[in-house]
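The structure under discussion appears below in the form of structure tokens.
The values are calculated or read from the model by the stated rules, or taken from the named source; none is laboratory data. Here the structure is a predicted model, which is why all the values come from computation and not from measurement. We place every Cβ from the backbone using ideal geometry, glycine too, and count neighbours over all the protein chains shown.
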């Protein structure tokens, strides 16, 4: 017969066979619950960033907890907008996204594909919220960029009866997400900040994968990024101007960790045609060297 050893903590005898007492959530008010949730999510983020074993275990059994945080936030999309008074909603959703990034970025198992698809859909819904908080937008795009899934899920084919005025439709596909990501990138480019430019990698990665995997998305994005040139366009340098194409070419010419991603994105929009790429972008020999390496 195994001996039960009593453990005394502050004059309270606890058997080693005793169950761990549940946290007294029922005794907390809403403010206290929000605070506990906030610190739980922050601790989960730190833990998931440090332990490979924990990442895989949570990915297989625990991912649903963080997905539920996203679902809860999406039930009240107005609370996730820029300058929202509901800071707790924004913070909880953001930390849950950061945990999910750690789980999907560093670990993978085929058994979690259903959760990964759900995560991709939830993150895309966050990105498409109008006037979304920029930190949530960034975190959601970061997660989508690391998911090893087909991006066709983000641009579903639509039947005529499914089309709504609120959706961006192109070639029979819903381009709402593609449009939202491109405009999020454009807003950040307008700031002309070198520090912000370093954070554009995941936006460009998502756009590259969309353009590579979904031809309708490539056509739609090409119309917005490199529309047909007019006489006034060819009279000035391609990096001179305030259009999206001009801003992206300036970023491509800058010294940053995103210059190759911009070049790859535009090259894909040009259907990997060197002649088209030269027509829209080439300014000096640096781009010619990039084309030689990419070929």
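Checking the condition closer than 22 Å to residue 155 by Cα and not in a loop (DSSP other than H, G, I, E, B), which residue from 189, 207 passes?
Only one candidate passes the filter, namely 207.
Has the stretch 118-130 got at least one residue that is closer than 13 Å to residue 180 by Cα and at pLDDT below 95?
yes
Condition first: part of a helix (DSSP H, G or I) and in contact with a strand residue (DSSP E or B) (Cβ under 9 Å, 6 or more places away or on another chain). Now tell me which residues in the stretch 91-134 satisfy that.
126
Within the stretch 122-139, does at least one residue satisfy the condition of being under 16 Å from residue 67 (Cβ atoms) and out of contact with any helix residue (DSSP H, G or I) (no Cβ under 7 Å at 6 or more places or on another chain)?
No - not one qualifying residue is present in the stretch 122-139.
Based on this model, can you work out whether residue 79 counts as within 18 Å of residue 136 (Cα to Cα) and crowded, with 16+ Cβ neighbours inside 10 Å?
So residue 79 passes the test.
Scan the stretch 235-258 and tell me whether some residue there is without any contact (Cβ under 8 Å) to a residue 40 or more places away in the chain, part of a loop (DSSP other than H, G, I, E, B), within 15 Å of residue 182 (Cβ to Cβ) and touching a helix residue (DSSP H, G or I) at 6+ places or on another chain (Cβ under 9 Å).
Yes, the stretch 235-258 contains a residue that is without any contact (Cβ under 8 Å) to a residue 40 or more places away in the chain, part of a loop (DSSP other than H, G, I, E, B), within 15 Å of residue 182 (Cβ to Cβ) and touching a helix residue (DSSP H, G or I) at 6+ places or on another chain (Cβ under 9 Å).
Only one residue in 66, 89 is more than 30 Å from residue 109 (Cβ to Cβ), crowded, with 20+ Cβ neighbours inside 10 Å and in contact with a helix residue (DSSP H, G or I) (Cβ under 9 Å, 6 or more places away or on another chain). Which one?
Of the residues listed, the single one that is more than 30 Å from residue 109 (Cβ to Cβ), crowded, with 20+ Cβ neighbours inside 10 Å and in contact with a helix residue (DSSP H, G or I) (Cβ under 9 Å, 6 or more places away or on another chain) is 89.
Being touching a strand residue (DSSP E or B) at 6+ places or on another chain (Cβ under 7 Å) and either surrounded by 20 or more Cβ atoms within 10 Å (Cβ to Cβ) or at pLDDT 95 or above (or both): is that true of residue 142 here? Walk me through how you get there before you give the answer.
On the way: touching a strand residue (DSSP E or B) at 6+ places or on another chain (Cβ under 7 Å): no; either surrounded by 20 or more Cβ atoms within 10 Å (Cβ to Cβ) or at pLDDT 95 or above (or both): yes.
Taking the combined requirement at face value, the residue does not satisfy it.
Please find, within the stretch 198-213, the residue that is modelled with the lowest pLDDT out of those that are more than 18 Å from residue 143 (Cβ to Cβ) and surrounded by fewer than 23 Cβ atoms within 10 Å (Cβ to Cβ).
The extreme case among them is 198.
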